[in-house]
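Below is one structure, written out as structure tokens; the observations come after it.
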Amino acid sequence: MLRLIVPLAAVAIFFACSWTTVRFFHPREPRRFFLLYALVLLVATTGVILHYWPIVSEEDAFGLLAALLLQLLACLTMWNAFYSLLWGFSGSLMHDLFTDAHLRDRERLIKSYEGDGEMDRILARRVPNLVRGGWVATDGQWLTLRPKGRLMAIGTLVSFKVFSLGMGGGIK
Amino acid sequence: MLSQVAFASAILLLSQTAMVAALAALRPKSNIYVTIVLVALVTSPVVFYSDALLFGRRLTVEGRLFLVLVHLALGGFLFHFITLPDRSVTLRLLVELERAPEHRLSVPMLAGRYSVRSMIGSRLTQLADGQFIAIDASGRLTLRPRGNWFGRFVTGGRRLFRITSAN
């Protein structure tokens with residue numbers, strides 16, 4: 001069980017690197033850095049564990065696998081918390097309610113998201129990212145799914161069915 | 001040996017996924033995240049004693065504990081995976097485009113199918129159900145103690161990471 005200390009150390013390093021990157025360098029897509037750090041730390045953990053606990057039995061193999069999966073899970077949890085709680089829609093909503101007493105009214109809150117332009121605050125953030133990422137094409141008037149966008153949408157629809165999620169998107 | 005470990009891990013993941021999917025189908029109104037956590041925890045003792053079935057021999061106690069940790073970690077990955085289709089606004093936008101004729105929509109049509117009003121309305125209801133806020137008949141929103149704690153957490157986290165502009 002001693003070998004589980006290695007992923008604990010790696011997770012601490014992951015947080016420190018991620019925090020430093022986002023706080024001081026403000027990258028446009030922090031997830032690219034999160035992915036890079038997570039992968040490098042997985043390689044490092046594998047190296048350290050194999051050095052001290054070489055694989056000679058199924059127990060050792062499961063020890064390594066448990067360490068790597070727990071490390072990846074902890075990194076993913078931080079990553080997901082960052083995006084859903086601090087950066088995402090739910091976190092923003094709660095942030096608005098907490099910091100601006102004027103918005104503690106359903107209609108005023110909705111109006112603040114609807115804005116005055118063609119796109120509301122939600123679409124204005126996401127549509128350009130989808131176009132830039134190659135998921136959606138636009139000719140200025142129409143948004144059309146590109147092949148990789150279709151693949152992702154079909155995968156999402158399958159998940160809706162398999163796990164009885166309704167229509168997803170945070171709507172119950 | 002490594003292929004046996006990979007096979008055992010695949011069996012653990014598939015069995016958890018199948019159980020969660022079956023329970024979600026039987027009780028569609030239940031909370032899928034609670035289901036995932038319960039399935040992972042309740043089946044852990046079974047996994048602890050399944051070593052002979054998976055490997056044809058008994059593992060040491062430490063080996064069996066590692067087996068259970070792998071099982072729990074896989075449950076954690078399933079939990080994270082479900083948040084994508086269930087919560088992601090971006091994926092829902094792609095789904096709306098997929099369901100549209102010729103897989104295309106104008107921005108006003110997209111906003112009409114998945115409106116900010118319905119999104120916020122639903123999230124506010126979920127926050128009220130979770131005791132984070134209270135909503136009165138006139139639409140006034142009041143932060144409950146849990147909502148104040150969550151608001152402080154989000155605001156503090158944003159300050160920690162110096163996030164000034166988010167979604």
| query | Looking at region A:1-56, which of its residues are surrounded by 13 or more Cβ atoms within 10 Å (Cβ to Cβ), hydroxyl-bearing (Ser, Thr, Tyr) and over 27 Å from B:Met1 (Cβ atoms)? | reply | A:Ser18, A:Thr21, A:Tyr37
| query | If you take the residues of region B:95-132 that are of a type in the set (D, E, K, R) and more than 7 Å from chain A (Cβ to nearest Cβ), which of them is farthest from A:Ser159 (Cα to Cα)? | reply | B:Asp129
| query | Out of A:Arg104, A:Arg108, A:Arg125, A:Arg132, which single residue is under 20 Å from the mean Cα position of the chain (by Cα) and either touching a residue at least 60 places away in the same chain (Cβ under 8 Å) or under 19 Å from B:Met119 (Cα atoms) (or both)? | reply | A:Arg125
| remark: Counting only residues that are under 16 Å from B:Leu127 (Cβ atoms), of a type outside the set (A, V, I, L, M, F, W, C) and in contact with a Phe, Trp or Tyr (Cβ under 8 Å, 6 or more places away or on another chain), region A:85-124 contains a total of 0
| query | Any chance region A:88-100 includes a residue that's surrounded by fewer than 20 Cβ atoms within 10 Å (Cβ to Cβ), out of contact with any strand residue (DSSP E or B) (no Cβ under 6 Å at 6 or more places or on another chain) and over 26 Å from B:Arg159 (Cβ atoms)? | reply | no
| remark: Of A:Leu68, A:Leu130, A:Leu103, the only residue that is at pLDDT 90 or above and in the same structural domain as A:Ala38 (by TED's automatic domain parsing) is A:Leu68
| request: Filter region A:139-172 for residues that are facing another protein chain (nearest Cβ under 7 Å), touching a residue at least 12 places away in the same chain (Cβ under 8 Å) and in contact with a strand residue (DSSP E or B) (Cβ under 8 Å, 6 or more places away or on another chain) and give the result. | output: A:Leu143, A:Gly149
| said: I need the full set of residues from region B:1-15 which are at the interface with another protein chain (Cβ under 9 Å from one of its Cβ atoms), of a type in the set (A, V, I, L, M, F, W, C) and buried (at least 17 other Cβ atoms within 10 Å of the Cβ), in order please. | reply: B:Val5, B:Ala8
| said: Residues to consider are B:Ser30, B:Ser50, B:Ser44; find the one that is buried (at least 17 other Cβ atoms within 10 Å of the Cβ) and either more than 7 Å from chain A (Cβ to nearest Cβ) or in contact (Cβ under 8 Å) with a residue 40 or more places away in the chain (or both). | reply: B:Ser50
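The values are calculated or read from the model by the stated rules, or taken from the named source; none is laboratory data. Just so it is clear, the model here is predicted, and its values are computed rather than measured. In this analysis, Cβ positions are derived from the backbone assuming ideal geometry, glycine residues included, and neighbour counts consider all displayed protein chains.
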